[in-house]
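Undergrad: Quick one: this structure, given as structure tokens, is what I'll be asking you about.
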Amino acid sequence: MPSLQSSFPLYKIIKFQIFFINLINFLSFSSSFSCPPFTSKLSFPFSSSLGFGHPSFQIHCSHPNSFIFINNFNFSIFEHQTNSLLISLNQSNPISIHHTHYLLYNSPFKVSHSSCSKLPVLKHHLKQPNCSFCSWEHEQMLVIIQIEWNEHHHDSYFGKCPTCQDQKGICGFNSTDPSKPFLCRPRISSPWILGDKPNRIVILCTIGTVSCLILLIIIRMLVIRCKGMKSMVVEEDPTALFLHRHCSVHLLPPVFTFEELESSTNMFDSRRKIGDGGFGSVFLGQLYDGRIVAVKVLHRNPAASMKAFCNEILILASIDHPNLVKLHGYCSDPRGLLLVYDYVSNGTLADHLHGSKSLLKRGSLTWQVRVEVALQTAMALEYLHFKVEPAIVHRDITSSNIFVEKDMNIKVGDFGLSRLLIFSDTSSASSSSSSFVCTGPQGTPGYLDPEYHHSFRLTEKSDVYSFGVILFELISGMKAVDLSRAKQEIALVDLVVGKIQVGLLHQVLDPALIVEGESTGAIDAIAELAFQCVAADKDDRPNTKEIVTELKRIKNRTRGCHTSNVVAPELFKV
């Protein structure tokens, strides 16, 4: 569609119409002033006419109180003094008193601290209609504050207006330009318009009416021409509304445009695809600032994708741990839902154990590295279960979701299935071991807690079960599920537990560990811990605090220990 500036006469007509209407409003307002609480005619920086005065001091006159917009928030004005206003955020938009400075951010105004303590505060307690992701009560209130400004502060409008006034001009700005540059408008003698020549007012009114009709016709034509284009529909993104309803704005990660992420991945080039998951494909991207990131493009399944998308943003926005992936931002666009993460360049634990990097595991996945991987994974889960309120259950702890860095440190990712453990009054009153959230079983076959699968009761012990499977993978080098194995051994848990129960753990050990000649005691200890983690009854499983303590003990025991390569796990004989 051609721009308005491509049609020069039309562009000039529209600019003239806007200026003329503003001028009529300005002059007519001057002739019959009524703008409480101002007791005299508005003067710079204030104005009630668009294009005049300071753009941040536009007053909307009404009774009993006029109002002013600051950062798109509507404030009623109760009192005007020299360089200060007494204002209140309208009751239709309650806001926490702690956000007062946020409302005035990047504006010429600041809170007048000398009088804040004297002002009344009316509290209102409101609760979110849907608090499934909130563990706290949002307290909101109506605040009356006094704001002030400094005309001597560096500001192009305050700086240029005195010169304009000396030249008998009217201080204003170009309202049609997004940057709203300062304009010194020529002063038009009001008697010429408002004096004893009524025919001139008739002419001005006629021109204004015709101009408005022409403008309405042009707008109507543009709307018809652009009908069906989503870019012309002015409504807030429903994803953004959902996220803002469940999380403070300042906690949410940055928002990227679709074009930015499309460009960063070279139009989602298939050669840049670095992975596929249950909810989307992952591409290698380079942001405008040079950062290398992983960009996940969620599959086009509106209901499931949107739920996983919002869930992952809300979870990752509230956590910070060195062994958890960091979310750098997101994009919600009709063309796709995208998440931007840390790029971990050394593949996944599954790649090192079973995939493209498995041939090199003898050099990279030494026993000490495997114990460290287990410990870091357990520490990440301990953080989610005990250091975050409310606790978070990952629900999809697999070797494919453990990302390995160059130095063989790990980061746990993919929080699309994660859940907050927000208990009902009944369950929270009971012991923690019996507290649960009822939800449909979701996860990866081979790692899914069978008790959760049968009872639909989700607890942090479901993550402990999945972690036990990871430990079995680390000591055996085998996949969690392998259809090429015998029917009763397809699941790795069934295979290894069966061997442990008859004292034959050495038959399922990773040959790479046997060649290294690792300590039988350390391997036995890891196997025993895994055996406890996959216990059929969740109450028989250790929690992640106990797991971390045990793994640290095993790690200290492992250092410098290279003895026999014969494994005889006496602990597990029946």
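The values are calculated or read from the model by the stated rules, or taken from the named source; none is laboratory data. Note that this is a predicted model, so its numbers are computed, not measured. Heads up, the Cβs are rebuilt from the backbone with ideal geometry, glycines too, and the neighbour counts pull from every protein chain shown. Heavy atoms of the whole protein, side chains included, go into the accessibility calculation; ligands, DNA and RNA do not. Shrake-Rupley method; radii C 1.70, N 1.55, O 1.52, S 1.80 Å.
Undergrad: For segment 523-542, how many residues meet the condition of being farther than 17 Å from L509 by Cβ, surrounded by fewer than 22 Cβ atoms within 10 Å (Cβ to Cβ) and of a type outside the set (G, A, S)?
TA: Of the residues in segment 523-542, 6 are farther than 17 Å from L509 by Cβ, surrounded by fewer than 22 Cβ atoms within 10 Å (Cβ to Cβ) and of a type outside the set (G, A, S).
Per-residue answers, yes or no, for (1) in contact with a helix residue (DSSP H, G or I) (Cβ under 8 Å, 6 or more places away or on another chain); (2) modelled with pLDDT of 85 or more; (3) aliphatic (A, V, I, L, M); (4) surrounded by 13 or more Cβ atoms within 10 Å (Cβ to Cβ):
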| residue | (1), (2), (3), (4) |
| --- | --- |
| S190 | yes, no, no, no |
| G208 | yes, no, no, yes |
| S211 | yes, yes, no, yes |
| L215 | yes, yes, yes, yes |
| L251 | yes, no, yes, no |
| T257 | no, yes, no, no |
| G285 | yes, yes, no, yes |
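Undergrad: In this structure, is S107 at pLDDT 50 or above, open to solvent by less than 40 Å² (accessible area, probe 1.4 Å) and assigned to a loop (DSSP other than H, G, I, E, B)?
TA: Details: at pLDDT 50 or above: yes; open to solvent by less than 40 Å² (accessible area, probe 1.4 Å): yes; assigned to a loop (DSSP other than H, G, I, E, B): yes.
Judged against the criteria, S107 is a match.
Undergrad: Can I ask one more? Looking at I514, is it open to solvent by less than 50 Å² (accessible area, probe 1.4 Å) and either part of a helix (DSSP H, G or I) or under 30 Å from I392 (Cβ atoms) (or both)?
TA: Considered against the rule, which asks whether it is open to solvent by less than 50 Å² (accessible area, probe 1.4 Å) and either part of a helix (DSSP H, G or I) or under 30 Å from I392 (Cβ atoms) (or both), I514 comes out as no.
Undergrad: Name the pairs whose Cβ atoms lie under 7 Å apart, with the first residue in segment 98-110 and farther than 10 Å from F73 by Cβ and basic (K, R), the second modelled with pLDDT of 70 or more and not in a loop (DSSP other than H, G, I, E, B), and 6 or more positions between them or separate chains?
TA: Pairs that qualify, where the first residue is farther than 10 Å from F73 by Cβ and basic (K, R) and the partner is modelled with pLDDT of 70 or more and not in a loop (DSSP other than H, G, I, E, B), are K110/I147; K110/E148.
Undergrad: For segment 385-424, which positions are at pLDDT 90 or above, part of a loop (DSSP other than H, G, I, E, B) and polar (S, T, N, Q)?
TA: Once the filter is applied, which keeps residues that are at pLDDT 90 or above, part of a loop (DSSP other than H, G, I, E, B) and polar (S, T, N, Q), segment 385-424 yields T398, N409.
Undergrad: If you don't mind, there's one more thing I want to ask. State all residues of segment 443-464 that are open to solvent by 20 Å² or more (accessible area, probe 1.4 Å) and outside any loop (DSSP other than H, G, I, E, B); if no residue qualifies, say none.
TA: Of everything in segment 443-464, those that are open to solvent by 20 Å² or more (accessible area, probe 1.4 Å) and outside any loop (DSSP other than H, G, I, E, B) turn out to be P450, E451, H453, H454, S455, R457, K461.
A quick yes/no check of all residues on (1) modelled with pLDDT under 85; (2) open to solvent by less than 20 Å² (accessible area, probe 1.4 Å); (3) over 24 Å from F158 (Cβ atoms):
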residue	(1), (2), (3)
P2	yes, no, yes
I70	no, yes, no
L86	yes, no, no
H98	yes, no, yes
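Undergrad: Return the residue satisfying two criteria in turn: it lies in segment 465-493 and is in a helix (DSSP H, G or I), over 35 Å from the mean Cα position of the chain (by Cα) and not hydrophobic (A, V, I, L, M, F, W, C), and of such residues it is surrounded by the most Cβ atoms within 10 Å (Cβ to Cβ).
TA: S476
Undergrad: While we're looking at this one, here's another question. If P441 satisfies all but one of (1) modelled with pLDDT of 80 or more; (2) out of contact with any Leu (no Cβ under 7 Å at 6 or more places or on another chain), what's the number of the condition it fails?
TA: So P441 meets the others, but not (2).
Undergrad: Given the options H321, H352, name the one that is at pLDDT 90 or above and outside any helix (DSSP H, G or I). Talk me through it step by step, then tell me what you get.
TA: Numbers: H352 fails: outside any helix (DSSP H, G or I).
Every option except H321 fails the conditions.
Undergrad: Filter segment 376-415 down to the residues that are surrounded by 22 or more Cβ atoms within 10 Å (Cβ to Cβ) and of a type in the set (D, E) and list them by number.
TA: Answer for segment 376-415, where residues must be surrounded by 22 or more Cβ atoms within 10 Å (Cβ to Cβ) and of a type in the set (D, E): D396, D414.
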